[in-house]
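Okay, structure first, notes after.
The values are calculated or read from the model by the stated rules, or taken from the named source; none is laboratory data. For clarity, every value in this text was computed on a predicted model and none was experimentally measured. Cβ sites come from the backbone with ideal geometry, for glycine too, and all protein chains shown count toward neighbours. Accessible surface areas use protein heavy atoms only, side chains included; no ligands, DNA or RNA. Shrake-Rupley method; radii C 1.70, N 1.55, O 1.52, S 1.80 Å.
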Amino acid sequence: MPAVPCPSCTSEGLPSEWDGSLIARYSHSGPRYTSYPTAPDFSAAFGPAQYFDALTRSNAQARPLSLYVHVPFCRKICFYCSCNKIATKDTRLAAPYLARLDAEMRLVTQHLDTARPVEQLHWGGGTPTFLTLRQMSELIDQLHARFGLSDTPGRDYAIEIDPREADVLTLRHLQTLGFNRLSLGVQDLDPQVQRAVNRIQPRALTEILVDEASRLGFTSLNMDLIVGLPHQTRDSFAATLTQIIELAPARLSIFNYAHLPERFKPQRRIDAADLPDGQEKLAILTTTMQMLSDAGYVHIGLDHFARPDDSLAIAQREGTLHRNFQGYTTHGDCDLIGLGVSAISQIDDCYAQNPTGLADYEAAIDSGRLATQRGIQLTFDDQLRRHVIHRLMCDLALDLDSVGDAFGIDAPDYFSASLARLEQPERDGLVTRHGNRLEVSHLGRLLVRHLAMAFDARLPDSDAHFSRIL
């Protein structure tokens, strides 16, 4: 059911007026809820033995598999970046890393039924296209030998691409390897913004890849943009967005830049005085929502947009959309195996994470043991709240009666404190309640993280772990 527009919005569902107090109320930090519980709740008490047990238990359910491979290498560091990466131009450094990935695969598959189909594959980073074509082939061969990859049309095999480090030959090679989805990092097309974040990327580099991906018949193409970068204004970003809309990607991810120089060293190269203030950033976001709506894109929620005929939009309409560590996904019924430094797995009722430091990851694999450094096994309450948070973020609605039937509880009573926390957002037009059904407004889609926080029983006293919602 579509969300009900809020009374404080225009006919298109966008805010007609935001005063300073309202901005301040929601301009705080919070989780993105790619998992629940979130990573700060993971514990070192959960290690390789617990991960092995989870792998074994998962075989009884026989769910399909999703594989995530983290490739941490980048030739150049973008100043805004908060990813786990290693700056180097020497592709030879990838060879020992690929060997350890293969060793990790062997350890995992000792306890995993590899007859389970691999419906989803995602290479992230860093920059996966840092690898040479031969190294990409080697990694695919390793994955196929250990897990058995799919060639069915319904598979979702995606890779993140830096257009500065890929060309038409790269795309043709990726197609032969079985990839059918691409995600291009763009961030912003304004030259001044690009210089400020150390990412010079003329439109032509992106346009060539978009044209080739279309010619080759890739199933879907996503583009990443970032709001809140230095020197951005509503007008400059509108100019970028006009060009992006002309390229017509099936999906758009428009992330909110989190300036945390105390945690991410490259961000210290960005002058905070050059960042757009809260009012300007909000203007950028609302202009973006209006332009994409006019261009026919569906606001999936949070910072994701898709064309109505894209599988994300279809899944949302059908109530089958999910979230995992790659964001919104149509394959939420899979067990997720994370491979490589910092990778997180979601297996059975557990999360398991590898070390974020490369040396620690290498030491674990070289000792012949799984690299699991921390994780968590979910309680009944965790599983219930994860379900509620993800349904709210994916469906943009929540039927408490259905939740109660599924988990055998009186949901309105169980979540009475959560519902009380939503009273102010309801007054502000972010969400409406009709009996035991909640519906997120068009404006609330932008702030759905805040709405989800009402159901989070594990929020820490400090929000330093999380990015800002606005």
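Among the residues of region 121-128, are any farther than 16 Å from L336 by Cβ and surrounded by fewer than 18 Cβ atoms within 10 Å (Cβ to Cβ)?
Of region 121-128, the ones farther than 16 Å from L336 by Cβ are 125-128.
Narrowing further to those that are surrounded by fewer than 18 Cβ atoms within 10 Å (Cβ to Cβ): none.
No.
Pull up region 252-287, narrow it to residues that are open to solvent by less than 50 Å² (accessible area, probe 1.4 Å) and of a type in the set (D, E, K, R), then point me to the one that is nearest to G444 (Cα to Cα).
Among those that are open to solvent by less than 50 Å² (accessible area, probe 1.4 Å) and of a type in the set (D, E, K, R), it is K281.
Using the structure shown, decide if T219 is in contact with a strand residue (DSSP E or B) (Cβ under 8 Å, 6 or more places away or on another chain), within 25 Å of L312 (Cα to Cα), of a type in the set (S, T, N, Q) and surrounded by fewer than 19 Cβ atoms within 10 Å (Cβ to Cβ).
yes
Being open to solvent by 60 Å² or more (accessible area, probe 1.4 Å), farther than 21 Å from A371 by Cβ and of a type outside the set (D, E, K, R) is the filter here, so list the residues in region 28-61 that pass it.
A60, Q61
For (1) within 24 Å of the chain's Cα centre (by Cα); (2) outside the structural domain of Y257 (by the TED database); (3) farther than 26 Å from R449 by Cβ, each residue gets a yes or a no:
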position: S43; (1), (2), (3): yes, no, no
position: A49; (1), (2), (3): no, no, yes
position: D53; (1), (2), (3): no, no, yes
position: R57; (1), (2), (3): no, no, yes
position: Q61; (1), (2), (3): no, no, yes
position: L65; (1), (2), (3): yes, no, yes
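Please pick out the residue among E318, E362 that is acidic (D, E) and free of Cβ contacts under 8 Å to residues at least 40 places away in the same chain.
E318
Considering only region 152-192, state which residues are among the hydrophobic types (A, V, I, L, M, F, W, C) and buried (at least 17 other Cβ atoms within 10 Å of the Cβ).
Of everything in region 152-192, those that are among the hydrophobic types (A, V, I, L, M, F, W, C) and buried (at least 17 other Cβ atoms within 10 Å of the Cβ) turn out to be A158, I159, I161, A166, L171, L174, L177, F179, L182, L184, V186, L189.
Find all pairs meeting these conditions: Cβ atoms under 9 angstrom apart; at least six residues apart or on different chains; first residue within region 396-420 and charged (D, E, K, R); second residue surrounded by fewer than 15 Cβ atoms within 10 Å (Cβ to Cβ) and in a strand (DSSP E or B).
D399/R437; D401/R437
When you scan region 124-149, how many residues do you find that are more than 20 Å from L221 (Cα to Cα) and not basic (K, R)?
Number of matching residues: 16.
Any residue at all in region 246-259 that is within 26 Å of L312 (Cβ to Cβ), free of Cβ contacts under 8 Å to residues at least 24 places away in the same chain and assigned to a helix (DSSP H, G or I)?
So far as region 246-259 goes, yes, one or more of its residues are within 26 Å of L312 (Cβ to Cβ), free of Cβ contacts under 8 Å to residues at least 24 places away in the same chain and assigned to a helix (DSSP H, G or I).
This table checks each residue for (1) modelled with pLDDT of 95 or more; (2) part of a helix (DSSP H, G or I); (3) touching a strand residue (DSSP E or B) at 6+ places or on another chain (Cβ under 8 Å); (4) crowded, with 16+ Cβ neighbours inside 10 Å.
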{"site": "S21", "(1), (2), (3), (4)": "no, yes, no, no"}
{"site": "S66", "(1), (2), (3), (4)": "yes, no, yes, yes"}
{"site": "V69", "(1), (2), (3), (4)": "yes, no, yes, yes"}
{"site": "C78", "(1), (2), (3), (4)": "no, no, yes, yes"}
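Being surrounded by 18 or more Cβ atoms within 10 Å (Cβ to Cβ), in the same structural domain as K89 (by the TED database) and either in a loop (DSSP other than H, G, I, E, B) or not hydroxyl-bearing (S, T, Y) (or both) narrows it down to one of A213, A145, so name that one.
Details: A145 fails: surrounded by 18 or more Cβ atoms within 10 Å (Cβ to Cβ).
Exactly one residue qualifies, and that residue is A213.
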